[in-house]
Amino acid sequence: MSQDAHPPAPARRRDSAATRAAILKAARETFTQRGYDGAGLREIANAAGADTRLIGRYFGSKEGLFAEVVDLAYEKSMMMTPEHNAEAARTLLTGEGGAQADGLLLTLRSASNPRAAAIMRDSIERNYQRRLADALPGTDTTGRSAVLIAICAGVLLNRLLLGHTALNGPDTERLIPYLHAALDAVAKVPQSAGGEK
């Protein structure tokens, strides 16, 4: 029997779900590191081991890919509710559990692009802020959740992007109780002038 008698190897099938997941993972890492403007589709596709055309097939465009990455990033973002604020303060100041802060870091690095900013604002308000507002006790939870998100974004901006010395020193952990108290001041049910909740 000659070697030509062997049937050809079957063509490798593409696993579309695995390819899509690999593109999302590569895009999240790239957008988080470089921001919307600094991330290229070719770079994302190469990191995912995929053809650039597949990004168009699965996500429609760079904007579509970015929108899905943002939604996924905020899906598991940290909750700043009274029972989670100690952990949130530690994460924000030390980076422990840092994956939860990726959504905010992604936001900070992409905010200069007006279209990316609109995509992020929509996702934050539709997903993260609404989920946080639903978890907060008391009234005006939408406004309070917006303030909590702004506090976290400010801490991350100063610590990670600007490299603020006091937020990056060896004794940063001493600041955790202060941030914890600030988060609690907004997250807990405010007392009215008459002492009612």
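Please treat every number below as a calculation from the coordinates, not as lab data. Since this is a predicted model, take the numbers as computed values, not measurements. When we count neighbours, we look across all protein chains shown, and the Cβ atoms used for this are built from the backbone with ideal geometry, even at glycine.
What the table shows:
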read-out: Rough spin-label spacing in nm, given labels placed 7 Å along Cα→Cβ, for Gln33 and Glu75; value: 2.2
read-out: Per-residue ³J(HN,Hα) for segment 167-173, Karplus 6.51 cos²θ - 1.76 cosθ + 1.60, θ = phi - 60°, Hz, x for Gly and Pro; value: 8, 10, x, x, 10, 4, 4
read-out: Translational D in µm²/s for the chain (Stokes-Einstein at 37 °C, 0.692 mPa s, Kirkwood Rh from C-alpha pairs); value: 174
read-out: Distance in nm between pseudo-label sites at Leu161 and Arg174 (7 Å out along the Cβ direction from Cα); value: 2.8
read-out: Shape call, segment 108-197: gyration tensor on alpha carbons, a/c limit 1.5; value: oblate
read-out: For His84, net neighbour charge (Lys/Arg +1, Asp/Glu -1) across residues whose Cβ lies under 11 Å away; value: -2
read-out: Summed side-chain charge close to Gly40 - residues other than Gly40 whose Cβ falls under 12 Å, Lys, Arg +1, Asp, Glu -1; value: +1
read-out: Net charge contributed by nearby residues that have their C-beta within less than 15 Å of His180 (K/R +1, D/E -1); value: -2
read-out: Segment 19-77: equivalent-ellipsoid semi-axes (sqrt of 5 x gyration tensor eigenvalues, Cα, Å); value: 16, 12, 10
read-out: 17 Å Cα-Cα reach of Lys188 towards aspartates and glutamates, excluding residues that sit fewer than 8 places from it in its own chain; value: Glu83, Glu87, Asp134, Asp140, Glu196
